[in-house]
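Enquirer: Mind having a look at this structure? Questions to follow.
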Amino acid sequence: MSELTELYQEVILDHNKRPRNYQVPSGANRHAEGFNPLCGDRFTVYLRVEDGVIQDAGFQGAGCAISKASASLMTDIVKGRTLEEARALFDRFHDMVTAPMEATADADLLGKLAVFAGVREFPVRVKCASLAWHAMRAAVQSASDPVSTE
Amino acid sequence: MSGIGVKPQPDVLDVERVREDFPILGRRVHGKPLVYLDNAATTQKPQPVLDALFRYYTGSNANVHRGVHLLSQEATDAFEAGRVSVQRFLNAAHASEIIFTRNASEGVNLVAESFGRLKVRAADEIVITGMEHHSNIVPWQLLCERTGAILRVVPITDEGELRLDEMERLLTERTRLVAVTHLSNALGTVNPIPTIVEMAHHHGAAVLVDGAQAAYHMPVDVQALGCDFYVVTGHKLYGPTGIGALYGRQALLEAMPPYQGGGDMIRSVTFEKTTYNDLPHKFEAGTPHIAGVVGLGAAVEYIRGIGLDRIAVHERDLLEYATARLNEVPGLRLIGTARHKASILSFVLDGVHPHDIGTIVDREGVAIRTGHHCAQPVMERFGIPATARASLAVYNTRSDIDALIRALRKVREVFA
Ligand SMILES: Cc1ncc(COP(=O)(O)O)c(C=O)c1O
């Protein structure tokens, strides 16, 4: 079960059970939907952006443990970041869940998000982990159409 | 070639012998013996099918219907023998009523396009059901968009059965065609095709039956069913991918315009006028999937050798066993509990998303499908985003079900 326990780490199971920021933040002024047509996971990410800084973030929707925990942690981590920083985090997160092990030395930078490194061993689950991130990036870019990981 | 397909058999299926015909069942995944329960997506291939493909490519490969040389003659014979095998398998009256396609989806598209051009006009109606695979929804939507016809959908009950009373209400003199699945891939429901055919014909509507799931679980006799069209797909019949077949009633097929243009489907071509070939060639433009037909022929002969009656009995026993075992799993709910069911066990588990179930049981060697099963309207009807689905085939055993139950316990451990 070692790769499995890598995937379903305590932090992920906890965020799945008790998702943080599972609400529409008051004053939210940007949002975007993420939809994975393969498994039906669907989340809407909401941001309150003021002066180029994400003051608050939240999400709504339903999906598997990986996608829900990822949305929960993502909304935690982007709060207080500039839009630039949020975009850079997206890139780094994306690299971590797709790149081979040795290519990701960024554990420090990513902090808590490193728990998603185990997803690499489960290629079909990469889309689950990155779904909310795609929605966040789309919200940052003010896209109002649903985004898809396809 | 192994013998199960050719020898007369006693009444009870010898599963262990059947399993020996499927080389892939010997492999391991993630260090565990493979337990393959994703048969509704595609079935594994027995040695006689693999042998037939190999024999064809190593011994007789040539193009069909066009050469005078020996290899072309052999290839043509093998190809047309495949058609006769499918004809017998579905008990069609004529071999020319069997049109080869790429898969079930193409069979539906062919009918939507060609029958549509013959019969369907603005304000006409097409009736489908709430339990169709996307393959038996989208071609009709396209037809309706093209013609201005209207799509009507027969609702289903909480158990996953068709509301025949509603169907009766939806059928009118405007109904041109009813498209219905024989066996639902998402729910396992077996639909009462002869009754539906009688209802539709009473209103002058043709009936297309989607047999993609049914044809490897129960004997199919298109004449007894009375339907006008029946589609099957080779890769679910223990045959190769990329080959399927459409049965169509001769009189209808003859009246229908061609589907695609190309070689083989014509009798003569000039720039002024082209005359089309006879059935079935009128609907088979271009070089067909010859090896696929050879493989499909071998596959349906393999099934006939075992006997669909015996396969149905074996799978019914397994379905009952699996239903009982799954119902013992805490928090598990079966989706699709029709009285007449076959081979499909769709379920959800409290507090665990199907996708997570799929990943965890895979690590135990158990292959199941998770998702919407190309039947999003069914998921919507039951208010769920997805299900986990175990689906049975001739080579599955009770110990496969036991492995699934053990794997589901692992799921509970992870999500404790
Ligand atoms: C009920 C049903 N209809 C149609 C299809 C489509 O088959 P194919 O993809 O081979 O065209 C499937 C297979 O997934 C099915 O289960």
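Enquirer: Of all residues being of a type in the set (A, V, I, L, M, F, W, C) and within 11 Å of the ligand (Cβ to nearest atom) in the range B:228-243, which is surrounded by the fewest Cβ atoms within 10 Å (Cβ to Cβ)? Just the residue, please. Step through it out loud before you land on a result.
Expert: First pass over the range B:228-243, keeping only residues of a type in the set (A, V, I, L, M, F, W, C): B:229, B:231-232, B:237, B:243.
Retained after the next criterion (residues that are within 11 Å of the ligand (Cβ to nearest atom)): B:231-232, B:237, B:243.
Values: B:VAL231: 31, B:VAL232: 32, B:LEU237: 27, B:ILE243: 29.
It comes out as B:LEU237.
Enquirer: Also, quick follow-up: Kindly indicate whether B:SER343 is free of Cβ contacts under 8 Å to residues at least 12 places away in the same chain and more than 14 Å from chain A (Cβ to nearest Cβ). Show your work before the answer.
Expert: On the way: free of Cβ contacts under 8 Å to residues at least 12 places away in the same chain: no; more than 14 Å from chain A (Cβ to nearest Cβ): yes.
Taking the combined requirement at face value, the residue does not satisfy it.
Enquirer: Here's another thing I want to ask about it. Could you name every one of the strands (runs of 3 or more DSSP E) located completely within the range B:300-416 that has at least 1 residues being at pLDDT 95 or above and open to solvent by 50 Å² or more (accessible area, probe 1.4 Å)?
Expert: Details: elements: B:332-335, B:344-349, B:369-371, B:387-391.
Where strands (runs of 3 or more DSSP E) fall fully within the range B:300-416 and carry at least 1 residues being at pLDDT 95 or above and open to solvent by 50 Å² or more (accessible area, probe 1.4 Å), they are B:332-335, B:369-371.
Enquirer: I would also like to ask the following. Is it the case that A:GLY27 is within 14 Å of another protein chain (Cβ to nearest Cβ), among the small types (Gly, Ala, Ser) and in contact with a strand residue (DSSP E or B) (Cβ under 8 Å, 6 or more places away or on another chain)? It would help to see each step written out before you state the result.
Expert: Values: within 14 Å of another protein chain (Cβ to nearest Cβ): no; among the small types (Gly, Ala, Ser): yes; in contact with a strand residue (DSSP E or B) (Cβ under 8 Å, 6 or more places away or on another chain): yes.
Considered against the rule, which asks whether it is within 14 Å of another protein chain (Cβ to nearest Cβ), among the small types (Gly, Ala, Ser) and in contact with a strand residue (DSSP E or B) (Cβ under 8 Å, 6 or more places away or on another chain), A:GLY27 comes out as no.
Enquirer: Does the range A:30-53 hold any residues that are touching a residue at least 60 places away in the same chain (Cβ under 8 Å), open to solvent by less than 30 Å² (accessible area, probe 1.4 Å) and at the interface with chain B (Cβ under 10 Å from one of its Cβ atoms), and which are they? Steps first, answer last, please.
Expert: First pass over the range A:30-53, keeping only residues touching a residue at least 60 places away in the same chain (Cβ under 8 Å): A:30-39, A:41, A:43-47, A:49.
Narrowing the set further to residues that are open to solvent by less than 30 Å² (accessible area, probe 1.4 Å) leaves A:32, A:34, A:36, A:39, A:41, A:43-45, A:47, A:49.
A:ASN36, A:CYS39, A:ASP41 - these are the residues of the range A:30-53 that are touching a residue at least 60 places away in the same chain (Cβ under 8 Å), open to solvent by less than 30 Å² (accessible area, probe 1.4 Å) and at the interface with chain B (Cβ under 10 Å from one of its Cβ atoms).
Enquirer: Next question, about the same structure. Say whether the condition of being among the β-branched types (Val, Ile, Thr), within 16 Å of the ligand (Cβ to nearest atom), outside any helix (DSSP H, G or I) and away from chain A (no Cβ under 14 Å) is met by at least one residue in the range B:43-61.
Expert: Checked against the condition, which is being among the β-branched types (Val, Ile, Thr), within 16 Å of the ligand (Cβ to nearest atom), outside any helix (DSSP H, G or I) and away from chain A (no Cβ under 14 Å), the range B:43-61 yields at least one hit.
Enquirer: Another question about this same structure. Strands (runs of 3 or more DSSP E) wholly in the range B:186-295 with at least 1 residues that are at pLDDT 95 or above - which ones?
Expert: Because the criterion is at least 1 residues that are at pLDDT 95 or above, the strands (runs of 3 or more DSSP E) in the range B:186-295 that meet it are B:206-210, B:229-233, B:244-248.
Enquirer: Just for the range A:110-132: of the residues that are at pLDDT 90 or above and either touching a strand residue (DSSP E or B) at 6+ places or on another chain (Cβ under 8 Å) or open to solvent by 70 Å² or more (accessible area, probe 1.4 Å) (or both), which one is farthest from A:GLU3 (Cα to Cα)?
Expert: Looking at the filtered set, the residue picked out is A:ALA132.
Enquirer: Taking the stated definitions as given, is B:LEU246 open to solvent by less than 10 Å² (accessible area, probe 1.4 Å) and over 30 Å from B:LEU392 (Cα atoms)?
Expert: Working: open to solvent by less than 10 Å² (accessible area, probe 1.4 Å): yes; over 30 Å from B:LEU392 (Cα atoms): no.
So B:LEU246 does not fit the description; no.
Enquirer: Here are some residues: A:LEU13, A:LEU73, A:LEU83. Which one is open to solvent by 10 Å² or more (accessible area, probe 1.4 Å) and either touching a Pro at 6+ places or on another chain (Cβ under 7 Å) or more than 14 Å from chain B (Cβ to nearest Cβ) (or both)? So that I can check it myself, show each step before the final result.
Expert: On the way: A:LEU13 fails: either touching a Pro at 6+ places or on another chain (Cβ under 7 Å) or more than 14 Å from chain B (Cβ to nearest Cβ) (or both); A:LEU73 fails: open to solvent by 10 Å² or more (accessible area, probe 1.4 Å).
It is A:LEU83.
Enquirer: Also, quick follow-up: Report yes if B:ALA403 is within 16 Å of the ligand (Cβ to nearest atom) and within 24 Å of B:PRO23 (Cα to Cα), otherwise no. Walk me through it before giving the result.
Expert: Working: within 16 Å of the ligand (Cβ to nearest atom): no; within 24 Å of B:PRO23 (Cα to Cα): yes.
No, not satisfied.
Enquirer: Kindly indicate whether B:ALA251 is without any contact (Cβ under 8 Å) to a residue 24 or more places away in the chain, closer than 17 Å to B:LEU279 by Cα and more than 12 Å from the ligand (Cβ to nearest atom).
Expert: On the way: without any contact (Cβ under 8 Å) to a residue 24 or more places away in the chain: yes; closer than 17 Å to B:LEU279 by Cα: yes; more than 12 Å from the ligand (Cβ to nearest atom): yes.
For B:ALA251, the condition - without any contact (Cβ under 8 Å) to a residue 24 or more places away in the chain, closer than 17 Å to B:LEU279 by Cα and more than 12 Å from the ligand (Cβ to nearest atom) - is met.
Enquirer: Moving on. Does B:GLY204 satisfy being away from the ligand (no atom under 14 Å from the Cβ) and either assigned by TED's automatic domain parsing to the domain that holds B:GLY130 or under 15 Å from the mean Cα position of the chain (by Cα) (or both)?
Expert: Spelling it out, B:GLY204 is indeed away from the ligand (no atom under 14 Å from the Cβ) and either assigned by TED's automatic domain parsing to the domain that holds B:GLY130 or under 15 Å from the mean Cα position of the chain (by Cα) (or both).
Enquirer: Do any helices (runs of 4 or more DSSP H) lying entirely in the range B:65-169 carry at least 3 residues that are surrounded by 23 or more Cβ atoms within 10 Å (Cβ to Cβ), in contact (Cβ under 8 Å) with a residue 60 or more places away in the chain and more than 16 Å from the ligand (Cβ to nearest atom), and which ones are they? If you could, list the steps in order and put the result at the bottom.
Expert: Numbers: elements: B:70-90, B:104-119, B:138-147.
Ranges flagged: B:70-90.
Enquirer: So which strands (runs of 3 or more DSSP E) stay within the range A:21-103 end to end and still have 1 or more residues that are within 23 Å of A:GLU121 (Cα to Cα)?
Expert: Details: elements: A:30-36, A:41-50, A:53-62.
In the range A:21-103, A:30-36, A:41-50 are the strands (runs of 3 or more DSSP E) which contain 1 or more residues that are within 23 Å of A:GLU121 (Cα to Cα).
Enquirer: Restricting to the range B:46-64, name every residue that is among the hydroxyl-bearing types (Ser, Thr, Tyr) and either surrounded by fewer than 16 Cβ atoms within 10 Å (Cβ to Cβ) or within 28 Å of the chain's Cα centre (by Cα) (or both). Spell out how you get there, then give the answer.
Expert: From the range B:46-64, those among the hydroxyl-bearing types (Ser, Thr, Tyr) are B:56-58, B:60; that's our starting set.
The answer is B:TYR56, B:TYR57, B:THR58.
Enquirer: Which residues, counting only those in the range B:129-165, are among the hydrophobic types (A, V, I, L, M, F, W, C) and closer than 13 Å to B:THR189 by Cα? Steps first, please.
Expert: Step one: of the range B:129-165, the residues among the hydrophobic types (A, V, I, L, M, F, W, C) are B:131, B:137-138, B:140, B:142-144, B:149-151, B:153-154, B:156, B:162, B:164.
Matches in the range B:129-165: B:MET131, B:ILE156, B:LEU162.
The values are calculated or read from the model by the stated rules, or taken from the named source; none is laboratory data. Since this is a predicted model, take the numbers as computed values, not measurements. Cβ: placed from backbone, ideal geometry, glycine included. Neighbour counts: every protein chain shown. Note: areas computed on protein heavy atoms with side chains; ligands, DNA, RNA excluded. Shrake-Rupley method; radii C 1.70, N 1.55, O 1.52, S 1.80 Å.
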